Structures are given as C-alpha cells and as structure tokens.
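Here's the structure, in structure tokens; my notes come after.
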Amino acid sequence: MKFLKWVGSLLMAVVMISGCSNEPSNHVQGKLNVVATTGMIGDLVENIGGEHVKVTSLMGPGVDPHLYKATQGDVKTLDSADMIFYNGVHLEGKMTDIFEMMSKEKPTIAVTKDFTGDQLHKVSETEHDPHVWFDVKLWMVAAEAVKDELIANDPDHEASYLENYEAYVIQLKELDEYVHEEINKIPENQRVLVTAHDAFGYYGKSYGLEVRGLQGMNTLSEYGSKDVTDMREYLVENEIKAIFVESSVPKKAIEAVIQGAEKQGHSVEIGGELFSDAMGEKGTEEGTYIGMVRHNTDTIVKALK
Ligand code: ZN
C-alpha cells in the first residue's frame, strides 16, 4: 500500500512539473541537458559529450546506488533532462519505476544495454552482477553506447562526440593495461581481495584476483553474525593480511571481522578505502572514473604486495 501511495504522489509530482513547462526543448544554453545516476556514468558522459553536454549526476560521493531512492528534487531534475543515462542490471533497484515512466517521455538509456549474456556475470537464475564499471574493457562497451546515443539524439555534433570517444577509449586502454601490470606485482598467493560487499567480481575476474565480500552483491541484504564468523575463519585459514573498507558502505561490519580475527590471534589490517559504487569528491583523484580505478588498484597493490 505504502508503495502504491508513493507511486501515486510521484505521478502527481510529474504531472505538476510537466504542466508547468511548455518549453519544447530543455537545452541549457545550447547544450544537451543530460542526467546520469552514478558519478561514474556522469563522468563517462562528460568525457564523450564534452562541451556539448551539461551533465548532472544524481548520486554523489559516498552514496549507495542499491539503496538510493529518488527525491522529489531528483524527479524534477529527471523531468527537465533531454536524456537520461543509468547503469541498469538492477543497480539502481529502487528507481526502476521512474526509469520506466521517464522512458515514455525521453531517451532513458542503460549504459549496459548492449552487453551480451557472456559479458554479464550471472549470480543466480534471474540476477546478474551490476558492478560492470570495474572491468575497464566492459566500460569501453558502455562508452560506445553513450557515444551512439549522444549522436542519435544530437546528430549536429556527431564529429565531436566521435572524436571525444576515440580519445577517451585510448585512455581507457591505458588504464586497463595499468591495472593488469600493477596487480601482477602482488605475489600470486596473496591475490585475494576482501571487501565489505561484492562489488569487485568483474575486477577480480579481469585482473586475476579472488574476491570475497562480506555482504552479497546487493547491500539490501543484511549481513548476519554467521557471515562475520565465516569471513573471520576464511581470513585466518588463508592468512590474509589486509582487507578493505568501501566509501559507500558502513565500516562497522569489516571492523567486526578484524576484531574477531584478532581474538583468534590473527592480525588483519585495513588495507585502505576503496571506491566501489560511488566516486570520490570532485577535484580529488578519486573524483573521476579513471582516478577511482587507479586509486583502488594502487591501494590494493600497496596493501597486498
Ligand atoms: Zn554494489
């Protein structure tokens, strides 16, 4: 019931907002007005759109996309956009209805729309891992989708979008090589990445690390005391020296695991903070997608080498 009520008030809000604006186009000073969900997607669109787009990302530093609910302000922002880009694969699980509603009015595009079944990691019969941005090669597929959609919706600037895309893909290829080289510096038996939730499946598979998350793929599911015990035993048995906290997940659970291991005489360090589902503050290294992947890689290598 609560949900229906919520959808009802959301519809009303949209009707009211649409009623107010009679402008045929929402172009901001001649720029395409694009709204992205996560910072990573916003960064991708900015890199490819360049001077022809104005990008607003709804989810800032430290924000967990699995739990994120659109505010009334977000609905307004989405309603005034020319185009919307989101991750899909159910990352923004609580925004599904809004995307469906917006898709009737404007291009509303999942950057993962062209991913094949082989590229997506299956986690159950019906679920796939949404954290695709940590395989840099897959992010290039997302980049291509963004390029194609920008061109389709703003063909006047095709040449510019194509040029920006090609330049950015070169940077992504360099990043991909960098991560491979760096991870190879970790002794093979130490290539284990333990984090608060399972955000690094694609990263692990691409770059050769075993990954374990205390919480599952989705932070919606609570971890229990059994998860903490299992993880503690895993750390002790495998003599794992460092585990990692994430900027968008509370640190309490990881701290409980460390304390548990210490009681059994096995000392584990916090290897550092990783940026998993949200980028860092604008103006810092982690405030861009490339910087975020580099920061994570450097942090992991430094702690496990
Ligand atoms: Zn996640």
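Express as a percent, rounded to the nearest 5, the fraction of DSSP beta bridges in the chain (both residues included) that run antiparallel.
About 10 percent, rounded to the nearest 5.
Would you grab the residues whose amide H sits under 5 Å from the one on residue 213? Only those 5+ places off in sequence or on another chain, please, with H modelled 1.01 Å from N.
Answer set, sorted by chain and number: 195.
On a 0 to 90 degree scale, rounded to 10, what angle separates helix 136-153 from the longest Cα axis of the chain?
0
Pull out the extension gain between residue 100 and residue 226, defined as 0.36 nm times the separation in residues minus the alpha carbon to alpha carbon distance; nm, one decimal. Could the numbers behind the result be given before it?
On the way: separation 126, 0.36 × 126 = 45.36 nm, distance 3.78 nm.
Between residue 100 and residue 226, full extension yields an extra 41.6 nm.
For the range 41-56, in order, what is each residue's ³J(HN,Hα) by Karplus, 6.51 cos²θ - 1.76 cosθ + 1.60 with θ = phi - 60°, in whole Hz (x at glycine and Pro)?
Values, residue by residue: 6, x, 5, 4, 5, 5, 5, 8, x, x, 6, 8, 10, 10, 10, 10 Hz.
Hey, in the GNM for the chain with a 10 angstrom Cα cutoff, which one of 283, 213, 271 fluctuates hardest?
Comparing 283, 213, 271 in the GNM, the peak value goes to 283.
Which shape class, rounded, prolate or oblate, goes with the range 32-154 when its Cα gyration tensor gives a ≥ b ≥ c as root eigenvalues, a/c under 1.5 marks rounded, and past that a/b bigger than b/c marks prolate?
Verdict is oblate for the range 32-154.
Just add up the charged neighbours of residue 237: K/R +1, D/E -1, any other residue whose Cβ is under 14 Å from the Cβ of residue 237. Intermediate values should be presented prior to the final figure.
On the way: positive: 212, 232, 241; negative: 210, 230, 233, 239.
Once positives and negatives cancel, what remains is -1.
What does the C-alpha gyration tensor say about the overall shape of the range 101-148? Classify as rounded when a/c is under 1.5, otherwise prolate if a/b is larger than b/c, or oblate.
In terms of gyration-tensor shape, oblate.
Could you work out the local net charge near residue 301, counting Lys and Arg as +1, Asp and Glu as -1, over the other residues with Cβ closer than 14 Å to its Cβ? Mind showing how you got there, number by number?
Numbers: positive: 185, 191, 241, 294, 302, 305; negative: 181, 182, 188, 298.
Here the charged neighbours net out to +2.
Over the chain, give the accessible area per residue in Å² for a 1.4 Å probe, as an integer.
Per-residue value: 48 Å².
Given the -39500 (n - 2.57) contribution per DSSP H run of 4+ residues, what per-residue ellipticity at 222 nm results for the chain, rounded to the nearest 500 deg cm²/dmol?
Helix contribution divided over all residues of the chain: -14500 deg cm²/dmol.
The values are calculated or read from the model by the stated rules, or taken from the named source; none is laboratory data. Owing to the predicted nature of the structure, the values given are computational and were not obtained by experimental measurement. Positions of Cβ are generated from backbone atoms using ideal geometry, with glycine treated the same way; all protein chains shown enter the neighbour counts. Quick note on the areas: whole protein, heavy atoms, side chains included, nothing else; ligands and nucleic acids left out. Shrake-Rupley method; radii C 1.70, N 1.55, O 1.52, S 1.80 Å.
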